[in-house]
Amino acid sequence: MPSPKAKNPGRSGGSPVFGSSNGRYEFMSLTKPLNRSSTPPHLLQRQGSDPTTARLRASESPTRRRGSSSSTGSGSGQGMPEEDGIRINPSFIRVALSSLLAIDLWLSKRLGVCACEDSSWGSVRPLMKLIEISGHGIPWLAGTAYCLYKSDSAAGQEVMLNLFMGLLLDLVLVAIVKAVVRRRRPAHNRMDMFATFSVDRYSFPSGHATRAAMCGRFLLAHLVLAAPLRVLVLLWASMVGLSRVMLGRHNVTDVMFGFWMGYCQYNLVEMLWLSPQTLQGLLGQLA
């Protein structure tokens, strides 16, 4: 009887057999490379004639999967930190801003002790409203225009003229920022303010704070004041900003940004400083 090994000569070398001459296919091991020398020519032609099957087998090969995973792993060692940074940084900034906003709202509500008459410090509300009026733009514009009209010296007219221009500049810049940001006033605020305009329904920044910081710095720089008066100017500017929060008109960040904005506005006024001669020259050109 012929030996079964004689029927399958491809197995004598220990290599797997892909097929036989009678057209019957057998199992091929995926862990050992295929010995193309032991494969019949007609099978090699059939295998090469089907590119789709060849690509599928190559893609299903464990060696290819291991190579692709290793290449992905080596490439991800450099790509992942950037992706993680892109994903984490915006979320971290968003969480930080949300936390600061929550603290701002909580602190502003706690400090709004004069928001209503029935608040904890409701009896101090009339005094806070008086301080509010002292930092309003209309009294400052009217007072500066009156001093400019009554001033006899050229130096006094120059100072009052630039203060008037600074007040107008403050109104314009604050209105632009409020119209762009459009932050609502605190929920516990009562809209009983003195002489409000269209943009005054917005909260950021505090126009009283910007005006107090700009005018306070202007007065300290261009008026000869005694030490008690200088302290009084600083105290007035601080009380104007504090009254905005105590009355519930603004949040804490509105006042803080307003102080910073008013401080910078003074630098802009100094850059655009107008002398009476310059003003007369401009008026002469317009005429």
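Quick one: count up the residues across segment 156-194 that are more than 23 Å from the chain's Cα centre (by Cα) and over 29 Å from ASP118 (Cα atoms).
Within segment 156-194, residues that are more than 23 Å from the chain's Cα centre (by Cα) and over 29 Å from ASP118 (Cα atoms) number 17.
Among the aliphatic types (A, V, I, L, M) and modelled with pLDDT of 95 or more, is that true of LEU235?
Answer is yes for this residue.
Restricting attention to segment 226-257, and to residues there that are over 15 Å from ILE131 (Cα atoms) and not hydrophobic (A, V, I, L, M, F, W, C), which single residue is surrounded by the fewest Cβ atoms within 10 Å (Cβ to Cβ)?
If we take residues in segment 226-257 being over 15 Å from ILE131 (Cα atoms) and not hydrophobic (A, V, I, L, M, F, W, C), then PRO228 is surrounded by the fewest Cβ atoms within 10 Å (Cβ to Cβ).
Inside segment 169-217, can you point out the residues that are in contact with a Phe, Trp or Tyr (Cβ under 6 Å, 6 or more places away or on another chain) and within 19 Å of MET239 (Cβ to Cβ)?
PRO205, ALA209, ALA213, MET214, ARG217
Is segment 239-251 home to any residue that is of a type in the set (Gly, Ala, Ser) and farther than 15 Å from MET193 by Cβ?
There is at least one residue in segment 239-251 that is of a type in the set (Gly, Ala, Ser) and farther than 15 Å from MET193 by Cβ.
The values are calculated or read from the model by the stated rules, or taken from the named source; none is laboratory data. All values reported here derive from a predicted model rather than from experimental measurement. Methodologically, a virtual Cβ is constructed for each residue, glycine included, from the backbone with ideal geometry; neighbour enumeration extends over all protein chains shown.
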